Amino acid sequence: HNTEPEKSIEDAKSAIRWMRGNAGKLGLDPRRIVAAGGSAGGTCAAFAAFNTTYEPEGEDASISSRPNALVLYNPAMGAGENTVTRSSGENRERKVRFLSAWKAEPKGPPAILFFGTDDALLAPARIFVKELAAAGNQVELFTAAGQKHGFFNDREGSPWHALCLERTDLFLTGLGYLKGPPAIQAPPGF
C-alpha cells in the first residue's frame, strides 16, 4: 500500500486502543487484551508493547495502546546481523533503526516467544528476552530444536503446531486468562 513499515506499528497500537476503548460494546475485558502474531505480526505485537517512537496521530492517548500480554511467534526483534543481512545502504540503515526502536521497560506485559533454533531471528530475540527479564518482566522463550522460521505453522504430520498451541494455552491459563486444561494438546511423548 506504499506505506512505510512504521505504519504497521501504528496500526497495531490503533487496534489495541480501539479494542480497549470499545471493550464494553465488544464484551471484552480491557485488562486482558493479548497481542499475538507470527513473524512481522509478532514484531507489530511486541512493538505495540515496547515502542514509543511510532504513535498514531489523532488518537485518544489516555487510552492505552499497550497489550496486557504477548504471544510472539518468531518476531523480528532488534537489529542483529542476521536480521538485516539481505538489506544494503539506506534500506539497511532504515531497517536497523526500525527494528531497534523498542525499549525493555519495567512493568511490561508478560510475554512468551516461540522460535526454532535454526531461525536467524533467534539471536537478536535472545537479547530482547534478556533485556525484558533484566527489567523485571515475566518472559518465556520456547525453542524448537532444529526448526526454522515458521516451524509452528500447521503442517501435515508436524507436532509443533499442537505443541505451540498447548504452550500458549498454558501461558494464558497461568495469567488467569483461560481456565482448565489446554483445548489442544501435543502428541503423547513429544
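Rounded to the nearest 500, what is the 222 nm mean residue ellipticity of the chain from helices alone, with -39500 (n - 2.57) per DSSP H run of 4+ residues and division by all residues?
-11500 deg cm²/dmol
By the gyration tensor of its Cα atoms, with a ≥ b ≥ c the square roots of the eigenvalues, what is the shape of region 93-190: rounded for a/c under 1.5, prolate for a/b over b/c, or oblate?
In terms of gyration-tensor shape, oblate.
Residue by residue through region 63-70, which ³J(HN,Hα) values in whole Hz follow from phi under the Karplus form 6.51 cos²θ - 1.76 cosθ + 1.60 (θ = phi - 60°), with glycine and proline marked x?
Rounded to whole hertz, the list is 9, 5, 9, 8, x, 8, 7, 10.
Could you list which residues have their amide H under 5 Å from that of GLN147, counting only those 5 or more apart in sequence or on another chain, with H placed in the peptide plane?
Amide H neighbours of GLN147, under 5 Å, 5+ apart: THR117, ASP118.
Out of the total accessible area of the chain (probe 1.4 Å, heavy atoms of protein only), what percent is carbon and sulfur?
Exposed carbon and sulfur together represent 51 percent of the surface.
May I ask you to give the solvent-accessible area per residue for region 3-76, in square angstrom, as obtained with a 1.4 angstrom probe?
About 47 Å² of surface per residue is accessible.
The list [x] 32, 19, 13; [y] 35, 19, 14; [z] 25, 24, 15 gives values of semi-axes √(5λ) of the Cα gyration tensor in Å, and only one came from this structure; which label was calculated from it?
[z]
I'd like the accessible area for ARG94, computed on protein heavy atoms only with a 1.4 Å probe and all protein chains in place. Round to 10 Å², please.
Only protein atoms counted, so the area is about 80 Å².
Which sequence of CYS164, CYS44 reflects their accessible areas, 1.4 Å probe, from the largest down?
CYS44, CYS164
The values are calculated or read from the model by the stated rules, or taken from the named source; none is laboratory data. Everything numeric in this text was worked out from a predicted model, so none of it was measured. Please note that ligands, DNA and RNA were not included when accessible areas were found on the heavy atoms of the full protein model with its side chains. Shrake-Rupley method; radii C 1.70, N 1.55, O 1.52, S 1.80 Å.
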